[in-house]
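*Asks:* Shown below is the structure under consideration.
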Amino acid sequence: MGKEKFNELEVKEQIEYINQNLENKTLTKICEDIKVSRSTIRKRFLKQGYIFDKDQSKYINLEANKKLREGNKCKSNTNELECKVKALETKIKGIEDRLNSSSSKQINIKKFEGKTVSRCYRLYEDVQKEFSKFCKENSNYKVQDILSMALYEYMKNNI
């Protein structure tokens, strides 16, 4: 197609022509073939609200593209917020479950008095993990009080 024939087309038809040819050729090559500069094409299409999108490799309507991106952004933000709300609900349920289970199991820890001593004992890993978990669940007591009470109760019941 020559320059005269191309210029006779409506701008929307020019855009369609360029976009169809962009599937096989570069924009520079198309402009060379029709003997119209890239800047002329760019300015002419921009006046009609069209810009060249490198990602899609074609001219797109600026307003339609803007609305599409805003719609996607909104949906993306909504999905992200929904995921965060669900995660928070799950965490709250877990906390409520822990509170309910720990309130049903009341433990009585005697307040020991006197000097404390430090000792090093070897424990099986499974027992240590369970003990650590128990101490975290009952963080209102000192670890030394929980351990002292456990040993005291064991000796009282088994000696």
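The values are calculated or read from the model by the stated rules, or taken from the named source; none is laboratory data. Worth saying up front: this structure is predicted, and the values here are computed from it rather than measured. Glycine gets a Cβ as well: all are built from the backbone with ideal geometry, and neighbour counts include every protein chain shown.
*Asks:* Check K111 against each of (1) modelled with pLDDT under 80; (2) exposed (fewer than 10 other Cβ atoms within 10 Å of the Cβ) and name the one condition it does not meet.
*Replies:* (1)
*Asks:* Still on this structure: Which pairs do you get when a residue that is over 15 Å from F6 (Cβ atoms), found in segment 31-57, comes within reach of a residue that is modelled with pLDDT under 85 and exposed (fewer than 13 other Cβ atoms within 10 Å of the Cβ), reach meaning Cβ atoms under 7 angstrom, with the pair 6+ apart or on two chains?
*Replies:* G49/E63
*Asks:* So in segment 58-85, with the set limited to residues that are at pLDDT below 85 and hydrophobic (A, V, I, L, M, F, W, C), which one is nearest to K5 (Cα to Cα)? Give the derivation first.
*Replies:* Pass one, segment 58-85, residues at pLDDT below 85: 61-85.
Retained after the next criterion (residues that are hydrophobic (A, V, I, L, M, F, W, C)): 62, 64, 68, 74, 81, 83, 85.
Values: L62: 26, A64: 28, L68: 34, C74: 43, L81: 53, C83: 55, V85: 59 Å.
In this case the residue turns out to be L62.
*Asks:* Can you name every residue in segment 125-148 that is of a type in the set (G, A, S) and either surrounded by 14 or more Cβ atoms within 10 Å (Cβ to Cβ) or touching a residue at least 40 places away in the same chain (Cβ under 8 Å) (or both)? Quick ask: steps written out before the conclusion?
*Replies:* Of the residues in segment 125-148, the ones of a type in the set (G, A, S) are 132, 139, 148.
Result: S148, single match.
*Asks:* Next up: Would you be able to tell me the number of residues in segment 137-159 that are under 50 Å from the mean Cα position of the chain (by Cα) and assigned to a loop (DSSP other than H, G, I, E, B)?
*Replies:* Selection size over segment 137-159: 5.
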